Amino acid sequence: MIVQEARRCVQTIGFYGLSGRGFNNPVDMAIDSRGVLYVLNRAGPEVESRMNYKRITVCNLDEDYLGTFSTGGTADGQVMWPCSIAIDRDENLYISDEALHRISIFDKEGTFLGKWGTFGDGDGHFSRPAGIAFDPDDNLLVVDGANHRVQRYGKDGTYIGSFGSYGSGEGQLSTPWGICLDDASNIYVADWRNDRIQKFSSEGTCLETFGSPGNQDGQFTRPSSVAVDQSGNLYVADWGNERVQVLAPDGSFLAKMRGDGGMSKWGQDYLDANLEELEERAKADLEPKPNASPNDSLRDESASIEKLFWGPISVKLDAQGRLYVVESCRHRIQIYDTRSWKI
C-alpha cells in the first residue's frame, strides 16, 4: 500500500489563462527528452471569441514559459477539439482532434508539418479520434472513440490494422478514450463508457479487464486515461470520481488520490502583481466543509476545495517516475514523485 505522505503533490504547474502563459481547459500533455512540456488547451465551447484560447502551451518543469503554437479553427495547423498528444522518435508532435477527425503533426518548435485522417467508419477512417500513443516500431495507435476501436498507423498515416468493436464483452469497447503501452508492448485502453481498463497484447488480443462501474476502491466512473510504470502498476484518471487510482499489475487496488495541489509559480507571480487579490485570497477558506445536503457530489467538493483534483482527465509518467495529472477544470497539472511511494 502507498502511504499517505508519499502521495503528496511535489509541484503544481499552471493557472487559468485565456492566452499566452497559462492553461485553458487542458486535456493532455506530453514531455520531450529535454524536459519540455507541451500542454493541449481545448478551451471550449466552440465560439469565435474562444478560438484563440485553443492552443498548445509550451513550458518546462521550472515553469519557464516557452511560448504557444496553433489556434482554433479548421485550417492546416489549427485545432478544434484537440484530445491527445504524443511524441515520436524524431520528437515531432502528433495531436488527435475529435471534431476534425484527423491527426495533425508539428515539429517541436510548433511548425505545422502535415495532417491525415478522414471521417467515416471504414478501415483507416476516424470518428472522434481520442487517445494516441506510439508503439516500439514508432507506429501510432489511435483510439477511434465513436467507432469503438483502436487503429494502428504508420507515421505517414498508412493504415496498418485495428482491433476492438462495440460492446461490453471481453475485448469490446464503448467510447474508449485513453491509451498507453507498457514495457512489454502490451496495450492498455481506458474503456470510458464501460467503466473499466482493458489490457491487450501488442496484436490486439484481450488479456485482462480491470475495474467495474462504481465509486468503491478499484471501481471506475468514466476513466479517461491510464499510464503504466516499469513495475507494471497502473495509474488511472478516474474522471467521473474526481480521483486517480493506482492498481497493481493484476488489477488489485493499491491506492487512490483526490489531489493535493498547491500554488504554482505562475499563480504566485500573478498574485504578487495583484495585491488586492492576494489579500482576498488570504481571507478565503480554501478548504470549506461540504454542505450536508442530498445534492452533494464529488464534483461539487472538487470545485470548492482548491487542492483537490477537478476534472482529472489525463495521467502521464516520465522516465524519472514523476506522475503528471492534468486537471481540465482547474487549469493546471499536479506532479507526484512515485519513486518515493512504497508499493
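The values are calculated or read from the model by the stated rules, or taken from the named source; none is laboratory data. This structure is a prediction, so every number in the text was calculated from the model and none was measured. As a convention, Cβ positions derive from the backbone with ideal geometry for all residues, glycine included, and neighbour counts pool all protein chains shown. Keep in mind that these areas ignore ligands, DNA and RNA; they rest on the heavy atoms of the full protein, side chains included. Shrake-Rupley method; radii C 1.70, N 1.55, O 1.52, S 1.80 Å.
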Sort LYS199, LYS342, LYS115 by heavy-atom solvent-accessible area, probe 1.4 angstrom, most to least. LYS342, LYS115, LYS199
In Å², and per residue, what accessible area does the chain have when probed at 1.4 Å with the other protein chains present? 42 Å²
Just need the relative contact order of the chain here, percent rounded to a whole number, with Cα pairs under 8 Å and 6+ apart. 16 percent
Given contacts defined as C-alpha pairs under 8 Å and at least six residues apart, what's the relative contact order of segment 48-91, whole-number percent? 29 percent
For segment 150-227, what Kirkwood radius comes out of the mean inverse Cα-Cα distance, in Å? 12.8 Å
Please sort 73-82, 51-60 by packing, taking for each peptide the average over its residues of neighbouring beta carbons within 10 angstrom, highest first. 51-60, 73-82
Rg from C-alpha atoms of the chain, normalised by the globular rule of thumb 2.2 N^0.38 Å, equals 0.95
What is segment 5-164's relative contact order, in percent, from Cα pairs under 8 angstrom and six or more apart in sequence? 12 percent
Could you pull out every one of the aspartates and glutamates with an alpha carbon less than 14 Å from that of LYS307, ignoring same-chain neighbours closer than 8 positions? GLU242, ASP260, ASP285, GLU287, GLU327
Size of electric dipole in segment 1-158: Cβ of Lys, Arg +1 and of Asp, Glu -1, about Cα centre, debye, nearest 20: 440 debye
Stick to Cα atoms and the Kirkwood definition of Rh, then tell me Rg/Rh for segment 75-215. 0.96
Does segment 31-101 classify as rounded, prolate or oblate by the C-alpha gyration tensor (a ≥ b ≥ c root eigenvalues; a/c under 1.5 gives rounded; else a/b over b/c gives prolate, otherwise oblate)? oblate
Given 212-221, 93-102, the highest-first ranking by average Cβ count within 10 Å works out to 93-102, 212-221
Could you run the Karplus curve 6.51 cos²θ - 1.76 cosθ + 1.60 with θ = phi - 60° over segment 49-58 and give me ³J(HN,Hα) per residue in whole Hz, x for Gly and Pro? 5, 9, 4, 6, 6, 6, 6, 10, 8, 10
Using only the alpha-carbon atoms of segment 196-343, report the extent along each of the three principal axes, biggest first, to the nearest angstrom. 58, 41, 27
So for segment 235-309, what percent of the C-alpha to C-alpha distances run longer than 17 Å? 60 percent
